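Undergrad: Take a look at the following structure, please.
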Amino acid sequence: MRLCLVGDRCGKTSLLQRWMHPHRPIEPESTVAIDLKSFSISIDKRRVIIRAWDCSGSNAYDSLLDKYIFNSSLTLICFDLTRMDSWIKAQYWIKRCQEKPFCLIGTKLDRESEREVKEYTIKQHLKEVGFVLYHEVSAYTGENCTDCLQMIVRESIRNVDVFTVNDFQDKSTCFVM
């Protein structure tokens, strides 16, 4: 399964770290350009291999992202619940990704007292665009991270056609083992 994470300095790398190593402390780091992370999980009696393209939040790399978004099973549009400018950038990504499956993820749920993007605002926007896959998480505490990843994997599996062994020669196919 190929995932592409986009968003503006909102903790995408920390979220990936939490998914890959749920019990380790998060080590914040900045992504330069695009970084590939691979890991596997078991879900619904299946082993799923995930390749996640962690894309920098810098505008300088936006032009590179079309290829990664196009080739992904699902694009994860992330934004920081404590920064309104991050939410505005997420709305840009929603418009840009409407031709492909995507999921919206609000990060830094543990910082509720600093929250700038209200739940009502998010729900209102999602209603306008007719979008239903949304999750709020905290990579720092791990809150909702496992549920979010399971939702993402299940949704991707649901959208995948059944392939024969010969179909795996095409590198663009998403596969579930």
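Just so it is clear, none of the values below were taken in a lab; they were calculated from the coordinates. Computed from a prediction, not measured in an experiment: that's the story for all the values here. Cβ placement follows ideal geometry from the backbone for every residue including glycine, while neighbour counts extend to all protein chains displayed.
Undergrad: Report, in listed order, any pair from 100/123; 89/127; 12/45 with a Cα-Cα distance greater than 23 Å.
TA: 12/45
Undergrad: Another question, if that's okay. Would you work out the Kirkwood radius for segment 104-160? I mean one over the mean of 1/r across all pairs of different Cα atoms, in Å. The partial results should precede the final answer.
TA: Details: mean 1/r = 0.0804 Å⁻¹.
It is 12.4 Å.
Undergrad: For 41, 88, 152, what ranking results if the residue with the fewest other Cβ atoms within 10 Å of its Cβ goes first?
TA: So the ranking, lowest neighbour count to highest, is 88, 41, 152.
Undergrad: Taking other Cβ within 10 Å of each residue's Cβ, how do 21, 125 sort, fewest first?
TA: Fewest to most other Cβ atoms nearby, the residues stand as 21, 125.
Undergrad: On to the next question. Label 7 Å along Cα→Cβ of residue 120; segment 72-93 residues with amide nitrogen under 20 Å?
TA: 81-85, 87-88
Undergrad: Then there's this: Give the order of 27, 136 when sorted by the count of other beta carbons within 10 angstrom, beginning with the fewest.
TA: By the 10 Å Cβ count, ascending: 27, 136.
Undergrad: Quick one: length gained pulling residue 150 to residue 113 fully straight, 0.36 nm per residue minus the C-alpha distance?
TA: Values: separation 37, 0.36 × 37 = 13.32 nm, distance 2.73 nm.
Between residue 150 and residue 113, full extension yields an extra 10.6 nm.
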